1. Is it true that some residue in the range 36-49 is in contact with a helix residue (DSSP H, G or I) (Cβ under 9 Å, 6 or more places away or on another chain), more than 19 Å from Lys3 (Cα to Cα), among the charged types (D, E, K, R) and surrounded by 10 or more Cβ atoms within 10 Å (Cβ to Cβ)?
2. Just to be sure I understand the filter: pairs with C-beta atoms under 8 Å, separated by 6 or more residues or on different chains, first member in the range 14-25 and surrounded by 13 or more Cβ atoms within 10 Å (Cβ to Cβ), second member of a type in the set (Lys, Arg). Which pairs pass?
3. Kindly provide the set of residues from the range 44-68 that are of a type in the set (Ser, Thr, Tyr) and either farther than 13 Å from Lys16 by Cα or touching a strand residue (DSSP E or B) at 6+ places or on another chain (Cβ under 7 Å) (or both), ordered by number.
4. So for the range 25-47 (the condition being outside any helix (DSSP H, G or I) and within 13 Å of the chain's Cα centre (by Cα)), does at least one residue qualify?
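Please treat every number below as a calculation from the coordinates, not as lab data. Everything quoted here is computed from the prediction, not taken from an experiment. A quick note on method: Cβ atoms are made from the backbone with ideal geometry, for glycine too, and the neighbour counts reach across all protein chains shown.
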Amino acid sequence: MKKSRFSESQIVSILKESEGGIPIADILRTHGISQGTFYKWRSKYSGLEASELKRMKDLEQQLSEYKTMVAELSRDNRALKNLIEKKL
């Protein structure tokens, strides 16, 4: 997946410009982004502040770690069950 050349805080600031009354066509031209990109960002990041965005990313990271832990524990549990069945 291609990495964006804009950080999430930059994306939020670009969206704030549009809320400030600057015409979208000017924003697109100034920052060199397409209209589709702008509207995709707006649907994903609308209404978020930079601090909320950071908190959301931290929560996503934490959730990813928890999912990894659950997967490892499930694998270990399955392996132990198989071992017990073989011994019986």
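1. yes
2. Listed pairs, sorted by first residue: Leu15/Arg42; Ser18/Arg42.
3. Ser51, Ser64, Tyr66, Thr68
4. Initially, the range 25-47 is screened for residues outside any helix (DSSP H, G or I), giving 32-34, 46-47.
Within this subset, residues satisfying the condition of being within 13 Å of the chain's Cα centre (by Cα) are none.
So far as the range 25-47 goes, no, none of its residues is outside any helix (DSSP H, G or I) and within 13 Å of the chain's Cα centre (by Cα).
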